[in-house]
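The values are calculated or read from the model by the stated rules, or taken from the named source; none is laboratory data. For clarity, every value in this text was computed on a predicted model and none was experimentally measured. Don't worry about glycine lacking a Cβ; one is built from the backbone with ideal geometry, like all the others, and counts go over all protein chains shown. Only protein heavy atoms, including side chains, enter the accessible area calculation; ligands, DNA and RNA are left aside. Shrake-Rupley method; radii C 1.70, N 1.55, O 1.52, S 1.80 Å.
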Amino acid sequence: RSNTEQILEALLRYSATIDNFPSECGPVSYDLQSSESENDFLDDLSDPEACLDNEEDAVLREKETKLLHLIDMNFLEDEASLAINACGPDTSIADLIDFIYASQIGKTDDFPLRKPLHRIPNDDEMRPGQRCGFPPTDQKRKKLFAEKFKRKFEMGRSDSKESKKNRKESVEEHERIRIPRHMIGFGIPNEPRPTFQRKLPEEAIGPPYFYFENVAYTPTGVWDTISRFLYEIEPEFVDSLHFCAAARKRGYVHNLPFQNRYLLQPIPPLTIYEALPMTRKWWPTWDQREKFNCMRTCIGSAKLTQRIKGALECWGGNPPTKTQKRVMYECKKWNLVWSGKYIAAPLEPDEYEFIMGYPKDHTRGFSTTERYKAVGNAFQVDTVAYHFSVLKSMFPTGITVLFLFSGIGGAEIALHRLGIPLKTVVSVEISEVSRSIFRDWWEQTNQRGNLIELEDVQKLSTDQLQKYINTYGGFDLIVGGSPFTGDAQQSTCAALNANLPVQTR
């Protein structure tokens, strides 16, 4: 138990080192403007010649459209491109503009606004045919940029396999930890388990145990940083598609044993048909998905689904291959399901909860937007429970846990469903909505342990941590999920500077 404080400090210190932590799905707003705009490529979905050859092309074209859109608004090419790279190509125009404005307000060096924006004209000042809310177009600048982007696009497509291999090797030589292609960790259920050897440093052997989750595909060197702060333990990479009907590629740095793991019962549905059997009636033969992509924090707009319906109706339900590809691109991107004839609809919040392993109506009582965001940022319960199952025999009378950035209680629900009593839980979560959802679950399940809630890490000082250790006999398990938002990162940095000593390794 003497290592508890060091483990906590290492987790918090790591979180503070990442300035631009990526979200697996990208920070797309709920009311997605990319699918609402006049430039939405589904406007011409019924025209086979307008279709892109593949999804990679579609992503590049979408990025190009948004770059041109921002340039049209008199943003510089560099700042527009950097905003899209930082936020992701799926981010709406409104969110990209907010990002650039935030950089200006923060007076950062990465996104200087060297040219003032035009004043947005009112309707009386608009020229015929001009789009409302946008300044006059600099056609020459727009044409030059389009030609430049096209050259880059063609060069990228004609790049030889050898040069790509050299680039990959150049990047990887700076990284010690490699992300495996097949993310099965130390073995997955119902599959032959390969033999793994892992020797933990003596000071990392629990209890206390620690478990730190993060998105698998992080920037170069991030996993090496995490490992360095946590006793040089390499992550276990796991894709939740082995545990549920949706992919969710994550890495876990932990000191838990991995022998004799077992699944939660009942075993969750592993395919879309099993999870949502009512969709089978309307599922087209050319949609061969068996799994969803990662659960987003948002959904596609109603206008997008209407455009898909209109496009399929034009072809009588039997569209050509290129139109199928374009529809499938949107279905995969937004996890659309077939709920009627030609109707590709977003998942409902309760379907999100079910696939992610949460109780029915776990997030009910909050707005639809808040529910999607809360579940999309949460743990996948069945995956985490599989890892935690080794704790059942160790703590038959209960467990004392510290949860950093605990969200809507995915880790706590996993322990509860495994039958491990929660004696004391210190939960640190900055989102009021998430805290309320977790508190409701705690009360509804008649938990008998102690629940201590803190709003953010600034409230967790070294003295307070020591008080909890003295009162409850130390923590048996420390669980952390990486904070993706800027507010959480700033709070972590503030807590480190104000309260917690920095561990040096």
*If you scan region 358-377, which residues turn out to be open to solvent by less than 10 Å² (accessible area, probe 1.4 Å) and either among the polar types (S, T, N, Q) or not in a helix (DSSP H, G or I) (or both)?*
Thr363
_Residue check for Gly316: open to solvent by 40 Å² or more (accessible area, probe 1.4 Å) and over 24 Å from Ala374 (Cα atoms)_ = yes
*Would you confirm whether any residue within region 417-434 is open to solvent by 10 Å² or more (accessible area, probe 1.4 Å), among the small types (Gly, Ala, Ser) and touching a Gly at 6+ places or on another chain (Cβ under 6 Å)?*
yes
*Mind counting the residues in region 378-392 that are assigned to a loop (DSSP other than H, G, I, E, B), touching a residue at least 40 places away in the same chain (Cβ under 8 Å) and not hydrophobic (A, V, I, L, M, F, W, C)?*
1
*Quick one: what pairs do we get from region 177-203, first residue among the aliphatic types (A, V, I, L, M), second modelled with pLDDT under 80 and open to solvent by 40 Å² or more (accessible area, probe 1.4 Å), C-beta under 8 Å, 6+ apart or different chains?*
Ile184/Glu191
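One line per residue, one yes/no per condition, for (1) among the aromatic types (Phe, Trp, Tyr); (2) under 28 Å from Asp350 (Cα atoms):
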residue	(1), (2)
Ile299	no, yes
Leu304	no, yes
Trp315	yes, no
Thr323	no, no
Lys333	no, yes
*Could you please give the count of residues in region 57-104 that are assigned to a loop (DSSP other than H, G, I, E, B), over 27 Å from Lys325 (Cα atoms) and at pLDDT 75 or above?*
2
*asked:* Please go through region 449-505 and give me each residue that is assigned to a helix (DSSP H, G or I), at pLDDT 75 or above, of a type in the set (Val, Ile, Thr) and closer than 22 Å to Leu230 by Cβ, ordered by number.
replied: Val457, Thr462, Ile469
*Confirm whether Phe475 is on the phi > 0 side of the Ramachandran plot and surrounded by 14 or more Cβ atoms within 10 Å (Cβ to Cβ).*
no
*Restricting the search to region 217-230, which residues are touching a residue at least 60 places away in the same chain (Cβ under 8 Å) and buried (at least 18 other Cβ atoms within 10 Å of the Cβ)?*
Thr218, Val222, Ile226, Phe229, Leu230
*Does Thr400 count as assigned by the TED database to the domain that holds Trp441 and under 18 Å from Gln265 (Cβ atoms)?*
no
*Selection from region 231-263 of residues that are open to solvent by less than 20 Å² (accessible area, probe 1.4 Å), among the aromatic types (Phe, Trp, Tyr) and touching a Gly at 6+ places or on another chain (Cβ under 9 Å)*: Phe237, Phe243, Tyr252
*Just wondering, is there one or more residues in region 204-212 that are more than 23 Å from Gly409 (Cβ to Cβ) and in a loop (DSSP other than H, G, I, E, B)?*
yes
